[in-house]
């Protein structure tokens, strides 16, 4: 492990503790809530619990006490939060409906009980400050050691959960009317990148720009096997009928971890981010103006326990607004930093073919339709042999010139190219 680094200006980082996956992202009663995987007693992974921070603008965050604590027999793994407006769960009242956290109980192997992962609930009647564990936990148990990361959302008059069988590379979909009783609806996968475990799925509807229609997007994070090496997030575009997600098209299955970045199929898939440091991407629930806003953990499992401290260890990405745009016969995800970010925070450049620009030593180059980011030799790279790297992505339709917007912080760089069709996010410890 290495020493302390300056805390970021635009990116959330806890004061003293380890942080990984964002959990339970939700807007409720005028407040943005960010829960996240936390080690309350250390700066490396362990003792998994839910940390908690709130914001009024998605940029300035107040860190709170731990929301959901681990015990000697159970760790609190990733999940989501919903506002049960109709009190379908019965945890509150019609006049005082609850916030409900849906999370994975990672039951530890003790006292003769085998290790298992199952889905559990906790609820809050005071806007997320205090939580009560549901005594009937777990509410969904497949007797699996790798069944985790439930993302729950409202679809019509039912609740829908997407979770993963991580080692099987499957997204499993369940339905419920009350959050406590769940019925299996369908299973998706394996598909596309499946060399590492699947984690942290999300499923949501997105508008298609200029078409007056929408499509469904399924996010699937995986580790390892990402397009830049280590952990990453792929996505599928298709349709969802409340029971089954049907992708528009599939282009082969990549399952050989030995191939790594030499696997040509990786570049044929759709990726949220082409950088090394964007994982566990998930979206906020109940955004009031119809936007879909996503957030990721800005780190990579290849070296996450070793990066310099930023208060706690690591940061979140900038929250991003997303939609879809059709390019040829393919729908592509488009991302932009949230509109709350001041324009002055972004640095803009237009690169012609063959141009190279240095941003505090980070080399950004555009050549023959390919945008690359090279952080080798910039700042601290000695803490892990896999950190000093160069990432690249093909820009759709390979334009002659490409405009890039750059968000630079004390320990990170995020590049949004071609109107947000290509994003490259990297930690850089200047």
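Each reported figure results from applying straightforward, stated rules to the coordinates on display, with no laboratory input. Fair warning: this is a prediction, and the values are worked out from it, not measured in the lab. Neighbour counts run over all protein chains shown; Cβ positions are idealised from the backbone, glycine included.
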Hey, fewest Cβ within 10 Å first, where do 175, 339 land in order?
339, 175
Just to be sure I understand: with springs between alpha-carbon atoms less than 10 Å apart, which residue in 84, 302, 248 has the highest mean-square fluctuation in the Gaussian network model of the chain?
248
Can you tell which of 330, 115, 213 shows the greatest fluctuation in a Gaussian network model of the chain with Cα springs below 10 Å?
213
From the square roots a ≥ b ≥ c of the eigenvalues of the alpha-carbon gyration tensor of the stretch 18-343, which class results: rounded (a/c under 1.5), prolate (a/b over b/c), or oblate?
rounded
Most exposed to least, judged by fewest other Cβ atoms within 10 Å, 167, 321 sort to 167, 321
Specify whether the C-alpha gyration tensor of the stretch 161-201 places it in the rounded, prolate or oblate class, a ≥ b ≥ c being the square roots of the eigenvalues: rounded for a/c under 1.5, otherwise prolate if a/b is larger than b/c and oblate if not.
prolate
